[in-house]
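Visitor: For reference, the structure I am asking about is given below.
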Amino acid sequence: MSETIDAAAARWFAAQDADDMDWDGFTLWLEADPRHGAAFDRLALIDDDIAAQAPAIRALLPANDDAADVADLPPTAPTRRWWPMVGGGMAAAAAALALMIGLPARAPDDRMWQTGATAQAVDVGEGVRVTIAPHSRLTAQGGAQQLALQGAAYFDVAHRDRRELAISAGPIEIRDIGTRFDVTTDGRAVAQVAVAEGQVSIVAGARTAPRTVAAGQSLSLVDGRARLAPADPAGIGGWRGGTLSYSDAPLALVAVDLSRYAGTGIRVAPSIADRRFSGALTVGDGSKLVDQVAAILDLRVVRDPAGVRLEPAR
């Protein structure tokens, strides 16, 4: 694998959290050469390993200015916020760090799926089928029992006794033995689970007891505030057919969806982040979604070099 491909993979990987992430350009880069996807997958899998081993890394780093960003992080902080390496050789350097501090070897059946402008249906194995939304990422560690999601996906899980499927989605963790449900997350502070069939157990936020969410219900978490609401089972996962359906959904969560389809980051003013939205939006090419939501809720759309921001009209 050439230095040029490694460097490009590192740049795309580091850019994912930016509001102005060029998702269309990223998709074209992935499709241009099979080696591009392989290079990107290597970085994402190493990133997941290092995030899981943050306490061990923190304990081994010297107490100096270069290590300050890591030392100040909480255990669950996203890895890319402190990863200072960029450019060629990034994957090799991270792999060397992993070996040096004794990270566990990655199992040969660990996999990752990264979508571009279109959704992708995958069979994870062991009765777990997933439709991954556009501009989303699903990682499977150790087979099909430990999954991690950034973006959105619809899960169809066959019932099996003693199954211990766990799905990490930003600030929540979902446990399931057999059901159909939809998950959306920005990978940081916003997430929602809507259950179409069966039930799931969810831990929403640190130091909280598991909560059961049954068919016809959704649980959303925005900046540490959890809310249980009714959900129409027929509309759950409607994005697979080109429709985004919401029932009493927080605007911060709606913005996460809009960002994936609009091709730019959509931010929401803190004062309206928990404002509720109900309705159905036709995705189309994604270009009109933000203006449609703004018109329905009487909001102002501000466009600047950093992306798009929704604010109160007055």
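Visitor: What net charge is computed for the residues neighbouring ARG163, neighbours being all others with C-beta under 13 Å from the C-beta of ARG163, Lys and Arg scored +1, Asp and Glu -1?
Guide: Surrounding charge for ARG163 is -1.
Visitor: Counting only the heavy atoms of the protein chains, how much of THR212 is accessible to a 1.4 Å probe, in Å² to the nearest 10?
Guide: Around 80 Å² of this residue is reachable by solvent.
Visitor: Quick one: ranking ARG227, ARG260 by accessible area, 1.4 Å probe, largest first, what do you get? Walk me through the intermediate numbers first.
Guide: On the way: ARG227 95, ARG260 15 Å².
Largest accessible area first, the list is ARG227, ARG260.
Visitor: Further question on the same structure: Given a Förster radius of 35 Å and the C-beta distance between VAL301 and LEU228 as r, what FRET efficiency does 1/(1 + (r/R0)^6) yield to the nearest 0.05?
Guide: That gives a FRET efficiency of 0.70.
Visitor: Given a 1.4 Å probe and heavy atoms of the protein chains only, how would you sort HIS159, HIS36, largest accessible area at the top?
Guide: Solvent-accessible surface, decreasing: HIS159, HIS36.
Visitor: Once neighbouring chains are kept in place and the probe is 1.4 Å, which whole percent of the accessible area of segment 220-285 is contributed by carbon and sulfur?
Guide: Accessible surface attributable to carbon and sulfur in segment 220-285 totals 50 percent.
The values are calculated or read from the model by the stated rules, or taken from the named source; none is laboratory data. Since this is a predicted model, take the numbers as computed values, not measurements. Glycine also receives a Cβ, built like all others from the backbone with ideal geometry; neighbour counts cover every protein chain displayed. For the accessible areas, the whole protein counts, side chains as well, though only heavy atoms, and no ligand, DNA or RNA atoms are used. Shrake-Rupley method; radii C 1.70, N 1.55, O 1.52, S 1.80 Å.
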